[in-house]
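Take a look at the structure set out below.
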Amino acid sequence: MSDEKQELERESILLRILWMVIFVIVWQLAELLLGAVVLLQLGYRLFYGAPNAGLLGFGDSLSQYLAQIGRFGTFNTDEKPWPFADWPTPRAPEGETAHSIPPAPHPVRDEEPKL
């Protein structure tokens, strides 16, 4: 019975190693994506004077995703990150408020329909 248990543990660790290698590759891609978000957010901040709300949310959830990969890879958790779990929900920003564009006023037309 103990030989069977050892064999299952060996298969389990080999499967975990495979997932860790896959998530290391995903980490590298996500890291490049995060770098692009950082540069885009910097350009947006310099141009508009405030960060972009969409990039704030995506950057936060991507950062949390990278943290999930790190926790899985370092054996702090057995829960595999996305796509096996939900994508992290962005938290409220703690820094600057996002740039907002007020809605355009609806034009008022004071015309009668043409026949």
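What residues have an amide H closer than 5 Å to that of H99, excluding those fewer than 5 places away on the same chain, when H is modeled at 1.01 Å from N in the peptide plane?
Counting only residues 5 or more places away or on other chains, the set is N52, A53.
Give me V21, V37 ranked fewest to most by other Cβ atoms within 10 Å of their Cβ, as a rough exposure proxy.
Numbers: V21 11, V37 19.
In increasing order of surrounding Cβ atoms, one gets V21, V37.
State the volume of the convex hull built on the alpha-carbon positions of the chain, expressed per residue in Å³ and rounded to an integer.
207
If you plug each phi of the range 43-48 into the Karplus form 6.51 cos²θ - 1.76 cosθ + 1.60 with θ = phi - 60°, what whole-Hz ³J(HN,Hα) values come out, in order, with x for Gly and Pro?
x, 4, 5, 5, 7, 9
Taken together, the values in this text are just the output of simple stated rules run on the coordinates, not laboratory data. Just so we're clear, the structure is a prediction, and the values are computed from it rather than from any experiment. Cβ atoms come from the backbone with ideal geometry, glycine included; neighbour counts cover every protein chain shown.
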